Amino acid sequence: MATFVVKHAGAALRQASSSRSAIFQRKIHSTAVVSKKKSKAIVDDLFGDDVALEDDLIKEESVPAAKSRLSTKPVSSKPSTPATPIVKKISLAERRKLSPEKLSERFEATVKYMEPRIGRKPSVAHPLVRKRAFLTLLDYARSEEHLRKIMELIPRFREARGDLHPDFAVDFTRRCQELQCPHLALELFGNFAKYNVHLNLEAGQWLIHSLYVLHPLEQVLVATRLFTAYNLPPISKDLPTASMVAAACYKHGTPEALDVARALRPEIRKMVKRAKLSKAGTLEERKKNKWVSWSLQKVNKAAKRLGEEAFASPKQIPLKIEVNPVPAQP
């Protein structure tokens, strides 16, 4: 499945440049090409600090992510039991106070509460499992194993005619990034028949963000193919996605990958001219602008090393992004 998707990943990128359509019909491999090492070697050192920098970005941005979706209601201090576990959202402050062991205990108690209440023929009919219970599980999750357990529960919840919360797609993708297992998000969205979870644009952007620096280009291209499968805007029309994919292609450095990045350049330049990267109306918008700015800095340096034109003028890439909240309508 993954090999098939990667082989045809060019379809998601083809709209970047019709004059280069033949480029995308070739399979882009996830391993470096031994021959033609020159461009690869030139680009490699530009990404030498990526791991440390990306870790900083993840740590910085995970706090607002949790804060935006967690309730501020206090949690009862009474001990939970298997019959009545704590299944409502907890505050960020409360979660920080809980030890990993305590969070795992709550995760297991919540799963134990949910399992007999889902499936085609639930053994416990009432009370029903609420859609927000899956968001609570994401808060308690501490490992890849926990996230995979959540995935296992989704088909059974669907069998009981349950609908997931609209925030689940984004929250799951972000949690996969925080727990360093974005391949689970690829698996979830790559099997709609089993999980029936829709990929939206925000979740797609987070998916690319979780993959483009620390993971093989093959996985990035699988993610871009999902944009087409879920009828999302082409990546060449979405500035955060296009800039991150271009950075991933320059980091990979093979001739095929560089052709993809170059085909995205005209569209990125158009979008940058229309964008106002130095200002943001929300913290979430600030994150996306920061992703774009960081990626553009990388691709500009790589293009310069290869004697190519820049993706954006240095004046268009801010070093600081201000947050100016949009006034609420009366």
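Miscellaneous remarks
- Among the candidates 174, 120, 158, the residue that is modelled with pLDDT under 95, among the basic types (Lys, Arg) and in a helix (DSSP H, G or I) is uniquely 158.
- Candidates 169, 193, 203, 185 - the one that is more than 20 Å from residue 139 (Cα to Cα), assigned to a helix (DSSP H, G or I) and out of contact with any Pro (no Cβ under 9 Å at 6 or more places or on another chain): 193
- Annotation note: Cβ proximity below 9 Å between a residue of region 295-311 that is assigned to a loop (DSSP other than H, G, I, E, B) and surrounded by fewer than 18 Cβ atoms within 10 Å (Cβ to Cβ) and a residue that is at pLDDT below 95 and β-branched (Val, Ile, Thr) (sequence gap 6+ or interchain) occurs for 306/42; 306/43.
- Some residue of region 236-256 being within 25 Å of residue 214 (Cα to Cα), within 16 Å of the chain's Cα centre (by Cα), touching a residue at least 12 places away in the same chain (Cβ under 8 Å) and not in a helix (DSSP H, G or I): yes
- Region 174-185 - residue that is buried (at least 23 other Cβ atoms within 10 Å of the Cβ) and among the hydrophobic types (A, V, I, L, M, F, W, C) and, of those, nearest to residue 162 (Cα to Cα): 185
- All of 230, 195, 212 fail the test of being under 17 Å from the mean Cα position of the chain (by Cα), surrounded by fewer than 24 Cβ atoms within 10 Å (Cβ to Cβ) and hydroxyl-bearing (Ser, Thr, Tyr), apart from 230.
Here's the yes/no breakdown for (1) under 12 Å from residue 240 (Cβ atoms); (2) touching a Ser or Thr at 6+ places or on another chain (Cβ under 6 Å); (3) in contact (Cβ under 8 Å) with a residue 12 or more places away in the chain:
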{"residue": "261", "(1), (2), (3)": "no, no, yes"}
{"residue": "267", "(1), (2), (3)": "no, yes, yes"}
{"residue": "272", "(1), (2), (3)": "yes, no, yes"}
{"residue": "276", "(1), (2), (3)": "no, no, no"}
{"residue": "283", "(1), (2), (3)": "no, no, yes"}
{"residue": "291", "(1), (2), (3)": "yes, no, yes"}
{"residue": "315", "(1), (2), (3)": "no, no, no"}
{"residue": "323", "(1), (2), (3)": "no, no, yes"}
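The values are calculated or read from the model by the stated rules, or taken from the named source; none is laboratory data. Only a predicted model underlies this, so the values are computations on that prediction, with no experimental measurement involved. Cβ coordinates were reconstructed from backbone atoms using ideal geometry, including for glycine residues, and neighbour counts include every protein chain displayed.
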